[in-house]
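This is the structure, below, for whatever I ask next.
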Amino acid sequence: MNKKLFAATATLLVGSAFGTAPVLAAENPLDQVGIQHNMYLGCLMDTKASRDEALAVLVEKCGYSPGMPLEHFIATHQPMVDAIDPLRPMAENLAELRQQLSAYEFSFIVRMDQIVQNTESLDAAAVQFEELEREGIARLDPKSKNGALVLGGLSVVRHSARYWSKLAAGATSKPDPKKGWAIVSVCDAMGALFFGSSEMASSVSYSAYQELASQGYFPLYAN
């Protein structure tokens, strides 16, 4: 395994001791999506790459295989990553998915937005994300394209909230740092839903984190 990816895996294993939801991990058949997301996100954070370098680092140092030449991968995917605005609601960033998802399936996106809007802390948001995931596990079909997509996004937001909770501990910054952590967590899910890929979700997550950090939402751990 790539050394950076191995380090990210270790980060994930340590993180799993914080706020775990073992029942959800066992019951969500798409839980591997969230696990892989955290592995690649941990790798990107470890390299401290710039936003412009993140896709290249994802391939060259984190072991992601895009299935195309690196230059073409960056040329086609960087504009899509850049187009995602972390301060816009998921429902706006993912408006095109309304044509693909049923109204009920899309409601999970709307409700993640509502959780972020109304939350007072990432921990409180994480509890509500897990409740939403339980509903998804009970009612969505993991064998269908749309059901798998939404369940993967719900797995990502749970694992993401766990990851960012570790970084949020003890952080003091402004404005509204606690909501900032919740925003970046749903950006992770947004990347998974937009690209249908845990690896690309990690690049969206990393980009959103750096964008929010540049606006003072929380300390930028890139120095």
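Laboratory data are not the source of any read-out in this text; all were calculated from the coordinates shown. All figures in this text were calculated on a predicted structure; none of them were measured in a lab. Cβ placement follows ideal geometry from the backbone for every residue including glycine, while neighbour counts extend to all protein chains displayed.
Which trypsin sites (Lys or Arg not before Pro) from segment 68-159 combine a DSSP loop assignment with at most 10 other Cβ atoms within 10 Å?
Those satisfying the criteria are LYS143.
Mind checking the dipole of segment 69-199: about its Cα centre, +1 per Lys or Arg Cβ, -1 per Asp or Glu Cβ, Debye to the nearest 20?
Working: 13 positive and 17 negative charges, 49 e Å.
That gives segment 69-199 a dipole magnitude of about 240 debye.
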